Amino acid sequence: MLQRDFLWGGAVAANQCEGAYRADGKGISTADCMTAGTAERKREYTRGILPNKYYPSHEAIDFYHHYKEDIALFAEMGFKCFRTSINWTRIFPNGDETKPNEKGLEFYDRLFAECLKYGIEPVVTISHYETPYHLAETIGSWRSREMIGHYLRFCKTIFRRYRDKVRYWMTFNEINVLVLNPEMAAGIRLEEGEAFYPVLYQAAHHMLVASAEAVKLGHSINPDFRIGMMMLYPAFYGETCHPLDQLKCLEAIDIHYFFSDVQVRGYYSSKGKKFLARKGVNLKKDPQDEEILKNGTVDYIGFSYYNSNVASRQLDRDTTPGNMMHTIPNPYLKASDWGWTVDPVGLRLALNYLYDRYQIPLFVVENGLGAVDKAEADGSICDYYRIAYLREHIAQMKLAVEEDGVELMGYTPWGCIDLVSAGTGEMKKRYGFVYVDMDNEGKGTLARRKKASFAWYQKVIASNGEDLD
Ligand code: BG6
């Protein structure tokens with residue numbers, strides 16, 4: 001049995017659902033400059049907002065104006081928690097102001113109050129893929145140590161303001177994605193001639209210090225806060241039992257443990273230091289940084305899990321897409337409409353590997369199936385494929401708890417209401433229990449409709465995960 005206070009819920013990110021991108025004094029974020037199309041989003045965002053281009057985040061699903069209706073639907077499903085993020089540029093439009101934007105703060109007052117009205121705990125990601133564009137332009141975002149001060153001013157403002165409304169926080173969404181998609185994760189696009197490792201790992205150091213300072217600050221503002229890290233968990237298999245394939249597998253996952261090792265243990269691992277040296281990275285650190293990292297370890301690990309990957313000693317192989325990276329196809333697994341493998345057992349393995357390594361509570365804060373949903377003639381949306389995906393993943397998650405003894409706080413499937421895809425900017429890649437009438441070109445009535453998975457998830461929550469049929 002899962003614990004009685006298990007946090008069932010759903011997850012979104014501000015920039016992928018709120019829309020209202022200039023409302024009430026909001027500034028421009030890097031996400032607001034991202035067009036649709038995987039490659040285009042990365043390539044074009046540094047040019048700002050251009051005329052005659054479509055930017056999906058500008059309206060998204062207009063959660064900013066529909067949040068009451070949407071939270072009511074979440075409450076009807078029985079959510080115990082709702083994971084969202086605070087759009088940094090609603091609070092500090094350019095990122096470097098000394099005073100926050102009151103109207104932006106008021107929006108989240110209303111949003112969190114609405115959640116609490118139904119007994120839904122807000123779970124807040126402080127920074128989810130939306131850096132203030134002004135900071136990216138003027139100081140190069142996390143390349144610069146100056147970002148730490150701007151981020152901490154943002155943290156202090158929201159920690160104080162929502163001190164009695166929000167208990168669960170995460171400092172950065174998928175911090176390890178910095179090395180896979182620095183544009184999205186950190187507002188950094190490498191310039192011609194800039195070296196990958198020195199720039200990105202220096203940025204990583206700044207983010208790790210900022211995260212540690214935020215944890216300490218948060219606990220000093222409210223000792224009841226539970227502040228976590230958040231990583232994309234890219235489960236890896238070695239392609240064969242050839243020892244060198246297994247070694248590749250270890251190297252592949254170590255790239256990601258580099259971040260969680262620091263955030264959970266409070267120092268760079270010896271292997272992490274060797275890795276940096278091998279890559280020619282000589283981190284510029286302030287004398288107090290080691291102490292900061294030591295005193296700012298996280299309370300829990302939030303992670304996303306969608307698909308697994310295969311590592312091989314052989315180069316030049318055909319690959320298929322997965323979340324934020326391409327992988328060698330796995331002949332034992334089926335794939336989603338977007339080519340991502342579907343691997344429920346991979347989630348049980350992820351929970352085991354993380355818990356064995358760190359021994360602190362885990363929280364599955366993203367998991368789900370991006371699929372094309374079609375309305376039937378009577379308007380119903382029969383997303384049985386999504387139910388099947390979630391059912392199998394929840395079953396494996398329960399085995400990890402019940403059979404393997406993993407300590408798990410909760411489960412918030414991604415995109416509990418349809419929203420803009422981070423990877424592609426599409427609307428047609430849908431994850432929700434709630435359908436939103438909006439298409440890839442920004443056309444639609446924004447009307448909300450329950451899918452078949454809505455009633456199914458409601459039953460799952462009501463039975464605390466016992467009834468998955
Ligand atoms: C996660 C991100 O990596 O994957 C989300 O935290 C994102 O922001 C999710 O939306 C699913 O990816 P995509 O590309 O299907 O939106």
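The values are calculated or read from the model by the stated rules, or taken from the named source; none is laboratory data. On a predicted model such as this, the values are computed, not experimentally measured, just so you know. Neighbour counts are summed over all protein chains in view; Cβ atoms, including those assigned to glycine, are modelled from backbone coordinates with ideal geometry. Quick note on the areas: whole protein, heavy atoms, side chains included, nothing else; ligands and nucleic acids left out. Shrake-Rupley method; radii C 1.70, N 1.55, O 1.52, S 1.80 Å.
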**Asked** Which residue out of Glu392, Glu441, Glu426 is under 22 Å from the mean Cα position of the chain (by Cα) and assigned to a loop (DSSP other than H, G, I, E, B)?
**Response** Glu426
**Asked** Take the residues of region 75-103 that are buried (at least 23 other Cβ atoms within 10 Å of the Cβ) and assigned to a helix (DSSP H, G or I): which is nearest to the chain's Cα centre (by Cα)?
**Response** Trp88
**Prompt:** Any idea how many residues of region 358-389 are over 24 Å from Pro321 (Cβ atoms), within 21 Å of the chain's Cα centre (by Cα) and open to solvent by 10 Å² or more (accessible area, probe 1.4 Å)?
**Reply:** 3
**Request:** Tell me, yes or no, whether region 146-162 has at least one residue that is touching a helix residue (DSSP H, G or I) at 6+ places or on another chain (Cβ under 9 Å) and within 16 Å of the ligand (Cβ to nearest atom).
**Result:** no
**Message:** If Arg41 meets every condition in (1) within 16 Å of the ligand (Cβ to nearest atom); (2) over 19 Å from the mean Cα position of the chain (by Cα); (3) not in a loop (DSSP other than H, G, I, E, B) apart from one, which number is that one?
**Reply:** (2)
**Prompt:** Which one is nearest to Glu76 (Cα to Cα), of the residues in region 1-48 that are surrounded by fewer than 15 Cβ atoms within 10 Å (Cβ to Cβ) and of a type in the set (A, V, I, L, M)?
**Reply:** Met1
**Fill in**
When region 49-74 is checked residue by residue, the ones that are open to solvent by 40 Å² or more (accessible area, probe 1.4 Å) and either in contact with a Cys (Cβ under 6 Å, 6 or more places away or on another chain) or among the β-branched types (Val, Ile, Thr) (or both) are Ile49
**Request:** Take Phe107 and decide whether it is over 20 Å from Ile148 (Cβ atoms), assigned to a loop (DSSP other than H, G, I, E, B) and touching a residue at least 40 places away in the same chain (Cβ under 8 Å).
**Result:** no
**Request:** Return the total of residues in region 25-48 being farther than 17 Å from Asp439 by Cα and either touching a Phe, Trp or Tyr at 6+ places or on another chain (Cβ under 6 Å) or at pLDDT 95 or above (or both).
**Result:** 9
**Complete:** If you go through Val365, Val420, Val372, the only one that is more than 22 Å from Arg83 (Cα to Cα) and within 14 Å of the ligand (Cβ to nearest atom) is Val372
**Message:** Which of the numbered conditions does Thr319 fail, given that it passes all the others? Conditions: (1) within 16 Å of the ligand (Cβ to nearest atom); (2) open to solvent by 30 Å² or more (accessible area, probe 1.4 Å); (3) modelled with pLDDT under 95.
**Reply:** (1)
